[in-house]
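The values are calculated or read from the model by the stated rules, or taken from the named source; none is laboratory data. Fair warning: this is a prediction, and the values are worked out from it, not measured in the lab. All Cβ positions, glycine included, derive from the backbone under ideal geometry; neighbour counts span all protein chains shown. Side chains are part of the model used for accessible areas, which takes the heavy atoms of the whole protein and leaves out ligands, DNA and RNA. Shrake-Rupley method; radii C 1.70, N 1.55, O 1.52, S 1.80 Å.
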Amino acid sequence: MANVFDWKLIFTNIPELMKYLPITLEVTFISYIMSLIVGLLVALIKIHKPKVLYQLTTFYVSFTRGTPVLVQLYLTYFGIPLVLQYINYKRGTNYNASFIPSIIFALVALSLNSAAYNSEFIRAAIESVDRGQIEAAGSIGMTPWQTLRRIIIPEALVVALPSLGNALINMAKSTSLVYTCAVVDITAGGKLIAGRNYRYFEMYLSLSIIYWVITLVISIVFGILEKKSKVGEKEIVKINDRNKRFA
Amino acid sequence: MIEIRDLHKSFKKLKVLNGVDLTVEDGQVVGIIGASGSGKSTLLRCIDYLEKPNSGHIRFDDVDFDVSKATKNDVNYMKSHTTMVFQQFNLFKQKTALENIMEGLVIVQKKSRHEAKEIAEKYLDLVGLSDRADHYPSQLSGGQQQRVAIARALALDPKVILFDEPTSALDPEMIQEVLKVIQKVAKSGKTMVIVSHEMNFIYEICDKVVFLEDGKVLQEGTPAEVLVHTDNERIKQFVSKVNFIETYVNQYNI
Ligand SMILES: Nc1ncnc2c1ncn2[C@@H]1O[C@H](COP(=O)(O)OP(=O)(O)O)[C@@H](O)[C@H]1O
Ligand SMILES: [Mg+2]
């Protein structure tokens, strides 16, 4: 019976998995940051509706949300080399896809996938910023870019914080699929290690624990950020509480 | 001096300004009155270039341009030398009173934080809110928020300050504290254009009153000419409706 399930392995696996953790974290954070930048651009396009770009982003968002991320990873992994070949053929250049580090494919696919979802809550958050403050910024002479950076984004950030936390949690979990692009993260590494003794179940339990801890840490950090971001709204909350008490 | 000639502004098919002429001399306080929807706010917003007028001519100190051919320079000149005080205060809600005033000084006028802070403190003192420097807008009453907004506009030292119904969103007991501050600013020689329904205040404080109707100037003149001695039936009717009572007139002791 002892051979069927070795619970100690669940914990002894973890130190060995740690050497793959930097890759998982790297992919998570870089893709996350890129997905926010692209998401912001897409959100701005959705709000201002410039002609051709708007149709393009509508197509991009619809396609991305309508196809599985696993398929998108494969599309990127096989697609980018094809595109390079085509460019080489057309232009007579000599780019070689095999020199592209495989992690790049994973970063591109994951950030583009997540950006499509992020664009929606980023748009909603930006549109929630009171027009009056944007006008006041314009009236004191701030440029649209200064207004975006100094007034709109900080305020939209507060509104978007819960969604930003969810997006990071989803990103951390999605990185478990990067083996499709030949990137060895903790999941891919775990499979390699488990292949030595066929203790796959224990390995997946170890992996679950690591992912769970990562997402818990993210939740806690965002919880703290949300509390801190309520600056300037303190008094309103207090007054509301008071009204509730008297109600 | 601002000289506006034949200014037109439409929103799609709706014509809001139909050839407005307006002259504001340096140091002058000009009141704009008229019924709701007559285009008062739109006129101020066109001067601040929050809205782009469709046609007309603007001369403002160093610039002199046809609106339909306005260059980026012309527009920037208008924007940077005019500042608006809004009905809804529109303070930046994530910034303290002091930071609200510093924002334009640091970001637009590129002053050092140290210098900006000194200027901001000076103007906060002018509106009597030194003790509220670190309060966020949500921690201030409406009247206090509007006083901070006035300090924010003043600190940038624009050539003209535009007030768009600065007391209309306030509870009655806060109106006076804001009007007192505006009056103080007017006395200091600042050029101002003010839209307000506080007729007694307009009467007291303004050098000139302009009555706007359907996007056109119906009459302009001294406060007495427009508010008391007008022959125009439409203006008489308007003034009687907004409770302009001459006996109240001296409460501001100008
Ligand atoms: N951004 C806008 N889009 C469409 N219509 C507008 C806009 N701003 C103002 N209007 C219209 O222009 C008219 C004049 O408005 P406004 O200048 O605010 O008048 P007032 O300040 O004198 O009450 C109103 O009929 C108003 O509905
Ligand atoms: Mg108005």
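Looking at A:Val184, A:Val217 in this structure, which one is open to solvent by 10 Å² or more (accessible area, probe 1.4 Å), more than 14 Å from chain B (Cβ to nearest Cβ) and not in a helix (DSSP H, G or I)?
Working: A:Val217 fails: not in a helix (DSSP H, G or I).
Just a single option satisfies the conditions, and that option is A:Val184.
Total residues in segment B:133-181 satisfying the condition of being within 12 Å of chain A (Cβ to nearest Cβ), polar (S, T, N, Q) and not in a helix (DSSP H, G or I): the figure is 1.
Taking the criterion of being under 28 Å from B:Ile182 (Cα atoms), within 14 Å of ligand 2 (Cβ to nearest atom) and assigned to a strand (DSSP E or B), would at least one residue in segment B:75-86 satisfy it? Walk me through how you get there before you give the answer.
In the first step, residues of segment B:75-86 are kept if they are under 28 Å from B:Ile182 (Cα atoms); the result is B:75-86.
Right, trim to within 14 Å of ligand 2 (Cβ to nearest atom) and you get B:84-86.
Add one more test, that the residue is assigned to a strand (DSSP E or B), and what stays is B:84-85.
Looking through segment B:75-86, at least one residue is under 28 Å from B:Ile182 (Cα atoms), within 14 Å of ligand 2 (Cβ to nearest atom) and assigned to a strand (DSSP E or B).
Taken over segment B:181-198, the criterion of being touching a helix residue (DSSP H, G or I) at 6+ places or on another chain (Cβ under 8 Å) and over 19 Å from B:His81 (Cα atoms) is satisfied by B:Val181, B:Gln183, B:Lys184, B:Ser196, B:Glu198. Could you list, in sequence order, all residues of segment B:130-166 that are on the phi > 0 side of the Ramachandran plot and more than 16 Å from ligand 2 (Cβ to nearest atom)? Once the filter is applied, which keeps residues that are on the phi > 0 side of the Ramachandran plot and more than 16 Å from ligand 2 (Cβ to nearest atom), segment B:130-166 yields only B:Asp157. Checked against the criterion of being modelled with pLDDT of 95 or more and either farther than 17 Å from B:Ser68 by Cβ or among the charged types (D, E, K, R) (or both), the candidates B:Val20, B:Val29, B:Val16 yield just one match: B:Val29.
In segment A:2-20, what residues are surrounded by 13 or more Cβ atoms within 10 Å (Cβ to Cβ) and within 11 Å of A:Ser206 (Cβ to Cβ)? Result: A:Leu9, A:Ile10, A:Asn13, A:Ile14, A:Glu16, A:Leu17. Restricted to segment B:192-205, and to residues there that are more than 16 Å from ligand 1 (Cβ to nearest atom) and open to solvent by less than 10 Å² (accessible area, probe 1.4 Å), the residue that is nearest to the other protein chains (Cβ to nearest Cβ) is B:Met192. Does B:Glu233 count as among the acidic types (Asp, Glu), modelled with pLDDT of 90 or more and closer than 23 Å to B:Met192 by Cα? No.
Going by what's in this entry, would B:Leu126 be described as surrounded by fewer than 19 Cβ atoms within 10 Å (Cβ to Cβ) and touching a residue at least 12 places away in the same chain (Cβ under 8 Å)? Working first, answer last.
On the way: surrounded by fewer than 19 Cβ atoms within 10 Å (Cβ to Cβ): yes; touching a residue at least 12 places away in the same chain (Cβ under 8 Å): yes.
Yes, satisfied.
Scanning segment B:78-93 for residues that are within 16 Å of ligand 1 (Cβ to nearest atom) and either of a type in the set (A, V, I, L, M, F, W, C) or open to solvent by less than 70 Å² (accessible area, probe 1.4 Å) (or both) gives B:Met84, B:Val85, B:Phe86, B:Gln87, B:Asn90. Beta carbons closer than 9 Å, at least 6 apart along the sequence or on distinct chains, pair a first residue in segment B:149-167 that is free of Cβ contacts under 8 Å to residues at least 60 places away in the same chain with a second that is within 16 Å of ligand 1 (Cβ to nearest atom) for B:Thr167/B:Gln87; B:Thr167/B:Ser196; B:Thr167/B:His197; B:Thr167/B:Glu198.
Looking at segment A:37-56, is at least one residue charged (D, E, K, R), surrounded by 12 or more Cβ atoms within 10 Å (Cβ to Cβ) and under 24 Å from A:Trp212 (Cβ atoms)? So far as segment A:37-56 goes, no, none of its residues is charged (D, E, K, R), surrounded by 12 or more Cβ atoms within 10 Å (Cβ to Cβ) and under 24 Å from A:Trp212 (Cβ atoms). Does B:Val106 count as without any contact (Cβ under 8 Å) to a residue 12 or more places away in the chain and part of a helix (DSSP H, G or I)? Yes; evaluated as a whole, the condition is true for this residue.
Entry remark, segment A:124-170: residues being more than 9 Å from chain B (Cβ to nearest Cβ) and small (Gly, Ala, Ser) number 8 in total.
So which residues in segment B:26-59 are away from ligand 1 (no atom under 16 Å from the Cβ) and either within 11 Å of chain A (Cβ to nearest Cβ) or open to solvent by less than 20 Å² (accessible area, probe 1.4 Å) (or both)? If you could, list the steps in order and put the result at the bottom.
Of all residues in segment B:26-59, those away from ligand 1 (no atom under 16 Å from the Cβ) come to B:26-29, B:55, B:57-59.
Within segment B:26-59, B:Val29, B:Ile58 qualify.
Of the helices (runs of 4 or more DSSP H) lying entirely inside segment A:81-171, the ones with 2 or more residues being over 30 Å from B:Thr82 (Cα atoms) and at pLDDT 95 or above are found at A:102-128.
For segment A:19-32, state whether one or more residues are over 23 Å from A:Gly165 (Cα atoms), in a helix (DSSP H, G or I) and among the charged types (D, E, K, R).
So the first thing to find is which residues in segment A:19-32 are over 23 Å from A:Gly165 (Cα atoms), and the list is A:19-20.
Now restrict to residues that are in a helix (DSSP H, G or I): A:19-20.
If we keep only those that are among the charged types (D, E, K, R) too, we end up with A:19.
Yes: one or more hits.
For segment B:10-25, a residue qualifies if it is among the aliphatic types (A, V, I, L, M) and either more than 16 Å from ligand 2 (Cβ to nearest atom) or surrounded by 15 or more Cβ atoms within 10 Å (Cβ to Cβ) (or both), and the qualifying residues are B:Val16, B:Leu17, B:Val20, B:Leu22, B:Val24. Among the residues making up segment B:58-90, those that are within 21 Å of B:Lys40 (Cβ to Cβ) and polar (S, T, N, Q) are B:Thr82, B:Thr83, B:Gln87, B:Gln88, B:Asn90.
One residue alone among A:Thr76, A:Thr12, A:Thr58 is more than 25 Å from A:Val183 (Cα to Cα) and among the polar types (S, T, N, Q), and that residue is A:Thr58.
Residues in segment B:60-77 that are more than 20 Å from B:Leu212 (Cβ to Cβ) and either away from chain A (no Cβ under 13 Å) or open to solvent by less than 10 Å² (accessible area, probe 1.4 Å) (or both): B:Asp61, B:Asp62, B:Val63, B:Asp64, B:Phe65, B:Asp66, B:Ser68, B:Lys69, B:Ala70, B:Thr71, B:Asn73, B:Asp74.
Any chance segment B:94-107 includes a residue that's surrounded by fewer than 21 Cβ atoms within 10 Å (Cβ to Cβ), more than 9 Å from chain A (Cβ to nearest Cβ) and not acidic (Asp, Glu)? Yes: segment B:94-107 contains one or more residues that are surrounded by fewer than 21 Cβ atoms within 10 Å (Cβ to Cβ), more than 9 Å from chain A (Cβ to nearest Cβ) and not acidic (Asp, Glu).
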